[in-house]
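To start, the structure itself, in structure tokens.
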Amino acid sequence: MFGQHRRCSTALSVILSRNQDDALNGLEKPLKDLERIQGAPSYLLLLYLLTHRDNLKISNPQLDEIVSLLVRFFVRRNLTDLPPTRELNRLFMDIIEKLDGLTGAAIVKAIRDQLVAVSASDLVFKTKLEGAIYEENSWVTRFVLCALAEQAMTKETQVDLWRFENKLFVWTIEHIFPQGENIPKSWVEMMGGGDEKKAKEAQQTHVHKLGNLTISGFNSALGNKSFDEKRDRTDRQGRAVGYKNGLKLNEDLATAKTWSVKQIDSRTSKLVDQVMDLFRLESSST
């Protein structure tokens with residue numbers, strides 16, 4: 001009994017990234033991502049897998065695949081609210097029950113199949129991504145934008161987009177076309193051709209879309225500034241804190257001369273396709 005309790009305690013510490021287990025090297029990033037996307041309801045399943053991993057014959061790559069599956073599941077679930085929150089604990093208890101007698105790759109497949117069965121369809125997920133995603137769920141929006149930026153990073157260009165300073169994120173979500181009620185004159189000119197009513201209409205329909213959002217450092221320094229100022233902004237040391245900050249996510253913004261509804265729609269379409277691919281639940285062979 002004591003040994004079982006100790007294994008559970010160790011497994012929970014690993015899941016919460018409080019304890020590094022050499023036998024689980026490589027799982028730090030996916031486990032941290034699962035925590036960031038608020039996937040705590042799945043910890044019950046992970047506890048079961050980690051405490052019984054020898055009997056279940058689960059390898060590290062298979063555990064990695066399972067955690068990555070859970071991350072993708074919770075991105076989709078937390079944006080679409082499918083399945084409902086009240087059903088999540090029961091879902092993972094049911095999954096554990098259905099793993100009885102399975103080992104290795106069969107466990108991975110069983111978990112994938114059950115997550116796919118209860119998850120929102122690609123059409124529902126895509127519709128949410130194409131809409132006012134920031135208004136729908138700002139935390140999922142941040143996670144998705146960070147994931148898009150991170151996938152293009154190399155060891156040389158790696159940046160911690162989740163870094164805190166003074167209890168605040170250094171890197172934050174930036175609305176390219178500002179979301180504030182009082183639209184600055186430069187933006188009325190750019191988005192409405194000088195027509196404030198037209199600019200306001202564009203703001204209401206497009207300001208919270210994925211294509212109008214990005215990640216930037218020191219967001220408060222950008223705020224309601226003009227597009228050119230946001231694009232070219234540097235700090236006192238001359239480092240780019242605007243759209244020329246080196247993130248591939250901002251590559252198109254760094255060279256843009258203007259901003260418009262058409263550009264927001266185009267960028268939304270491009271980013272939605274990338275998100276759909278990045279957070280696909282079904283394997284490419286299915």
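Where a number appears in this text, it was derived from the coordinates with a stated rule and is not lab data. Nothing here was measured: the structure is a model prediction, and the numbers come from that model. Every residue, glycine among them, receives a Cβ derived from its backbone with ideal geometry; neighbour counts consider all protein chains shown.
Overall form of segment 195-276: oblate. Here a/c, set by the Cα gyration tensor axes a ≥ b ≥ c, is 1.5 or more, and a/b is not larger than b/c. Full extension of the segment from Leu44 to Asp160, taken as 0.36 nm per residue of separation minus the current Cα-Cα distance, would add 38.9 nm. Placing pseudo-labels 7 Å out from each Cα toward the beta carbon at Glu251 and Asp81 gives an inter-label distance of 3.7 nm. Between Gln237 and Asp122, the FRET efficiency estimated from the beta carbon spacing at R0 = 30 angstrom works out to 0.10. A simple count of charges around His208, restricted to other residues whose Cβ falls under 10 Å of its Cβ and scoring Lys, Arg +1 and Asp, Glu -1, yields -1.
Under 5 Å from the amide H of Phe169 lies no amide H of any residue 5 or more positions distant or on a separate chain, with H modelled from the backbone and absent for Pro and chain starts. The simple Förster model, with R0 at 51 Å and r as the Cβ-Cβ distance, assigns Arg90 and Ala152 a FRET efficiency of 0.85.
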